[in-house]
Amino acid sequence: MRNAISLPNGFVLTTDNSAGIGEKMEDVVSTPDEIVSYFAARVALLEQWAASSTPLSIVVHNFSGDQSWAKYVAGIKKLFNEIGIECPEITGSSETNMETLQSAIAVTMLGERVEENNKEVRWYVYGKPSVGEEVIRDSDKIANLKKIREALNRGLVHQVWPVGSTGIKGECERLGLDGNLVDWDIEKSAGPATTVLLGIDILKEKEAKLHFGNYFEAIS
């Protein structure tokens, strides 16, 4: 498990936030609010999967003003629609007393842990590390959550480990892996979990390679 909090009765809490990215004039990166919430939810969802948990509800902390709320909700629903999972109920609050100069949002998910699978796996890296505008420009190179979900359902993947700002190298070290990959920048930040480490069933590696296709490499 990574950045998740285990609560009593098998519940799991995960979260991700973003600031200075959005539609306000003073934002460092100009991006539609819908995309910002989409990727924040993406990280929180991957953290749920890493903890062998399924999200039950979502809380949005919106510091960008009322005008951003509907867009943030739309981005989260878009994520769940793309991967074919019913979106959990969304609640939260918006900062309306003070006008902020930059956008800010946090997406928190409450999930319930399912039975963990302890089968022997081989670790693979899926999706090229991308940050900033690369996330949108090179969207075909980042880890596809729908493919990951399908692989989980088919028993190809037994463990999920999202990569963030520490890069592939940092996350591999946390798992006790070497992490050497030819032609991959293993120290580059993966931004909003554009790269994911996957524990693949050793008996289904060929099937997994066909399923994931490009940007899917075994970790030495």
> What number of residues in segment 185-220 are within 17 Å of the chain's Cα centre (by Cα) and among the aliphatic types (A, V, I, L, M)?
Replying inline: 5
> Here is a list of conditions, (1) modelled with pLDDT of 95 or more; (2) under 17 Å from the mean Cα position of the chain (by Cα); (3) crowded, with 16+ Cβ neighbours inside 10 Å, and Glu23 meets all of them except one; can you say which number that is?
Replying inline: (2)
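The values are calculated or read from the model by the stated rules, or taken from the named source; none is laboratory data. Please read all numbers here as calculations on a predicted model, not as lab measurements. Cβ coordinates were reconstructed from backbone atoms using ideal geometry, including for glycine residues, and neighbour counts include every protein chain displayed.
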